[in-house]
Amino acid sequence: MRLEYSTAIKIIRVPCTGKVDTLHILRAFEKGADGVYVVGCLEGDCHFNNGNFRARKRVEQVRGILTAIGIGGDRVQMYNLSSSEGPLFAKFAAEMVDRIRQLGPNPIKLARRQAA
Amino acid sequence: MNVNTPSKLEKILKAGHLAVTSECGPPRGSDPEAITAKAEMIKDYVDAINITDNQTSMTRLCSLAACIRLKLMGLEPVLQMVTRDRNRIALQSDILGAASFDIHNILCLSGDHQSFGDCKQGQNVHDIDSMQLIQLVRLMRDQGKFIGGDEIKRPPQMFVGAAANPFADPFEIRVPRLAKKVKAGVEFIQTQCIYNLDKFELWMKMARDRGLHEKVFILAGLTPMKSAGMARYMKNRVPGMDVPDEVVKRLADTPKDKQADEGIAICVESIQRLKEVEGVSGFHIMAIEWEEKVPDIVQRAGLYPRPAAA
Amino acid sequence: MIVADKKPMEEIIAEIKEYENILVLGCNECVTVCEAGGKKEAGILVSALRMYFLNQGRDVRIDEITLERQCDPEYIEEIHDRIDPYDAVVSLACGVGVQFMAERYQEKPIYPGVNTCFMGGTQARGLWTERCQGCGQCILARTGGICPIARCAKRLLNGPCGGSTAGKCEINKEIDCAWQLIIDRLKALGRFDEYEELAPIKDWSTDRAGGPRKVVREDVQQ
């Protein structure tokens, strides 16, 4: 469709969001990502049955951990859409970028800079 | 008539009278007046008075001390004892304590779970269960021995009772359970309060079919309803309670200011009906925090005056 | 298995936040099965703790090792030459593993990362339920294979109590009445008449009440 989305986003493609593990998301934040969002198929339409349900639960788990350690649970988000919904994809991208811009950079990066 | 103990309750039952017992809940404090006042209200209308043991796991003045109060008033107490809070040492010890004041009736219970009460975080004991407690008291009385085997000096002389709930699940084992308690040595039973008379009569029939009514005295439990709200609460929120819709409806259809009177009327009618049931040896009227109604109920049910125990 | 549950992150952080070199020790057996303290959970905890410390501006060394078990000396011994650099260990094993670690590595503070809950099994994925209290004198032969000591809230040996309602326990509608289960089972086995046998008073001296217990097998001792 050639719609645009922010260059602030790095996309990592997976065959199913069920493949995304809690640890993958945490490591992304560890390495300095300001936000992580997981985009999966519509619920009930997962090509592999319930991969997207697993992803949602893992996103929730990460949210809890991020809140507990003071990074902020709002930096992680689960979205669902069907593969034909290009405009929605662009909309989610804009929404996420907007939210993260408001939350500011990953506090770890700041803390690292200050410590150095 | 051969009695096993000096218990007045035992004498009255064995003489063939319909016995009447009631209960007093001890206070959540140490004022003895709370017991003596209630007892004064009902003493001429009942043969024995139960004192509950930390009922619904709410910490109260202990049953033993309250029973001693009754004894000092010249009344006949029934010591309720739950196995939730005391191990076998404490149970035997408290039994001896009661016996030292010549308390001659005991009701053996397991007790409501502590999560219902004010100490939800506490441990529970359940070193033995209610059936084993029945056996224990009989051992102490009949063989004069502690559970460990040593002899007891001046063994307790207690008339042993237990509770039965014809309305709990599963129904199919409610009579086998009664049979088990009889085998364990129970001598009288006080049932959970009855609203579903049909079900109770069915349970009685099943008990009679096994001849249990000849081996144990069964006292039918009754609690008068104060209001339709109370009926609904007991129907929906109290485990092991069976309140038929007709009872709730009868109260709900009564104007609010007359509901209490209606509740008493239902109670009296139940007693009249249950008097005719073979195997019912008496009534246990639990008018919790409404003890002042007991005289009225007993009189209207034709159970007054109480027989003098010879 | 021994079933455990993850301790809240805040609690673990509160215990180890002053240290500079932390080892997170997972266990490959029970806590892996109940998804509380295996390699995966250890990895997640390490990542989370690292980020916590980075956020505080502190460069704390946090590493992860997962042992086969922590309740056997041979496996605990495996890290004797690697544990030196750390000034604290968070063990994700059950209480047994934490204590074995503490006994072996006396100079290292060992912190529990899970709450050890009970002996039980997997009822469904994500649901583990209690089955055994370790009373030391198993009575399952008499109760149709269902334990009233572990599964009856009042551990009645001659149950059920008068609070059993529609097959559920009076304390919680989601808990099965153990005695209802026993009765159903005895009926299925054609042994319902055994229900009326009086279970004798239990000897609790082999239970916790008798003091810390041991099992000795002289035939296999060296």
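The table below lists the values:
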{"item": "Meets criteria (within 14 Å of chain B (Cβ to nearest Cβ) and surrounded by fewer than 23 Cβ atoms within 10 Å (Cβ to Cβ)) for C:Lys168", "result": "yes"}
{"item": "Residue in segment C:37-51 that is among the β-branched types (Val, Ile, Thr) and touching a residue at least 40 places away in the same chain (Cβ under 8 Å) present", "result": "no"}
{"item": "Selection count where residues are away from chain C (no Cβ under 14 Å) and in contact with a helix residue (DSSP H, G or I) (Cβ under 6 Å, 6 or more places away or on another chain), scope segment B:233-246", "result": "0"}
{"item": "The listed residue being β-branched (Val, Ile, Thr), more than 8 Å from every other protein chain (Cβ to nearest Cβ) and either touching a Phe, Trp or Tyr at 6+ places or on another chain (Cβ under 8 Å) or not in a loop (DSSP other than H, G, I, E, B) (or both), out of B:Ile189, B:Ile173", "result": "B:Ile189"}
{"item": "Condition met for B:Leu251 (surrounded by 21 or more Cβ atoms within 10 Å (Cβ to Cβ) and either under 20 Å from the mean Cα position of the chain (by Cα) or under 25 Å from B:Ile173 (Cα atoms) (or both))", "result": "no"}
{"item": "Conditions (1) at pLDDT 95 or above; (2) crowded, with 23+ Cβ neighbours inside 10 Å: number failed by C:Leu54", "result": "(1)"}
{"item": "Residues (within 11 Å of another protein chain (Cβ to nearest Cβ), part of a helix (DSSP H, G or I) and of a type in the set (A, V, I, L, M)) located in segment A:65-112", "result": "A:Ile65, A:Leu66, A:Ala68, A:Ile69, A:Ile108, A:Leu110, A:Ala111"}
{"item": "Tally, over segment C:182-194, of residues that are farther than 16 Å from B:Lys180 by Cβ and more than 11 Å from chain B (Cβ to nearest Cβ)", "result": "4"}
{"item": "Some residue of segment B:151-161 being at the interface with chain C (Cβ under 7 Å from one of its Cβ atoms), closer than 30 Å to C:Gln180 by Cα and small (Gly, Ala, Ser)", "result": "no"}
{"item": "Segment B:133-158: number of residues that are over 21 Å from B:Val82 (Cα atoms), of a type outside the set (A, V, I, L, M, F, W, C) and assigned to a loop (DSSP other than H, G, I, E, B)", "result": "5"}
{"item": "Helices (runs of 4 or more DSSP H) wholly inside segment B:195-310 that include at least 1 residues being without any contact (Cβ under 8 Å) to a residue 12 or more places away in the chain", "result": "B:197-209, B:228-237, B:245-252, B:259-275"}
{"item": "Qualifying position, being crowded, with 23+ Cβ neighbours inside 10 Å and either farther than 20 Å from B:Leu9 by Cα or in contact with a Gly (Cβ under 8 Å, 6 or more places away or on another chain) (or both), among B:Ile95, B:Ile106, B:Ile152, B:Ile147", "result": "B:Ile106"}
{"item": "Residue in segment C:159-169 that is part of a strand (DSSP E or B) and more than 21 Å from B:Pro176 (Cα to Cα) present", "result": "no"}
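The values are calculated or read from the model by the stated rules, or taken from the named source; none is laboratory data. Because the structure is predicted, anything quoted here is derived from the model rather than measured. All Cβ positions, even for glycine, are placed from backbone atoms using ideal geometry, and neighbour counts span all protein chains on display.
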